[in-house]
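First up is the structure itself, then whatever we jot down about it.
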Amino acid sequence: MPDVVTTPETTREATRFRQALPYALEAAAVLVLFAAVGAACGWIWFQVWPQPTGTVFGNDWFADEAGLRNVFDGTAWYVVLAAAGGLLAGALATVFGRRSPLVTMAAVVAGSFLAAWLMLRVGLLLSPTDPEVLAKTAEDGTKLPGRVSLEGGHSPYLVWPLASLIVLMALNFFLSSREDFQGREAHDPRWLSRNQPG
């Protein structure tokens with residue numbers, strides 16, 4: 001069996017791979033974290049969402065008065081849960097993803113959009129069939145539950161990345177300031193007292 005020839009180029013490639021692997025694993029872990037939190041928020045969203053109700057007339061589904069209010073409640077609950085999920089996932093990603101702030105930030109941005117999409121998909125998967133579709137073959141007067149939906153265009157989807165990035169920036173500032181303070185304290189324990197006025 002021929003010996004494997006190791007050249008400086010293959011050694012450099014192996015070194016680059018070993019150096020990049022932890023960053024790739026960290027980014028993958030952040031994506032998995034956001035996917036899990038997004039899916040969990042989708043399940044919670046469906047559980048707390050006040051399901052709208054309506055009636056079929058002329059093969060069309062019409063939400064009743066309470067149902068119309070509940071349609072907008074669904075969007076409000078999505079925003080509240082997305083903000084909470086974004087803050088939680090962003091905080092965990094920031095605290096445990098300290099190897100490279102840039103890699104963490106990129107993974108948080110990608111993960112937050114993934115979480116927003118998964119939250120909606122899980123909510124839709126759990127919710128009843130679209131009553132507009134069922135109304136085409138239903139008799140007049142048939143009561144049908146509504147389907148979870150988001151009003152307001154694309155703006156609700158932006159809650160995930162906004163909440164995640166806000167907590168990421170705040171925690172990075174706090175943690176880097178604390179590390180800077182600890183580093184100065186270790187180097188010169190009296191630096192703080194010398195820099196105080198008076």
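For the stretch 89-169, the square roots of the Cα gyration tensor eigenvalues, ordered a ≥ b ≥ c, give a/c of at least 1.5 with a/b greater than b/c, which places it in the prolate category. Search the structure for amide H atoms under 5 Å from the amide H of residue 61, placed 1.01 Å from N in the peptide plane, and list their residues when 5 or more places away or on another chain. Correct list: empty. Remark: the residue 154-residue 175 segment gains 4.3 nm on full extension, using 0.36 nm per residue and subtracting the alpha carbon distance. What is the sum of charges around residue 149, taking Lys and Arg as +1, Asp and Glu as -1, for the other residues whose C-beta is under 15 Å from the C-beta of residue 149? Cβ neighbours under 15 Å give a net charge of -1. Subtracting the Cα-Cα distance of residue 162 and residue 84 from 0.36 nm times their residue separation leaves 27.0 nm of extension gain.
For residue 53, nonlocal amide neighbours, meaning residues 5 or more places apart or on other chains whose placed amide H falls under 5 Å from its own, are 64, 67, 146.
Each other residue within a Cβ distance under 13 Å of residue 60 adds +1 if Lys or Arg and -1 if Asp or Glu, for a net charge of -3.
Bear in mind that the values in this text are calculations on the coordinates, not laboratory data. Since we're looking at a predicted model, the values are computed, not measured. Glycine also receives a Cβ, built like all others from the backbone with ideal geometry; neighbour counts cover every protein chain displayed.
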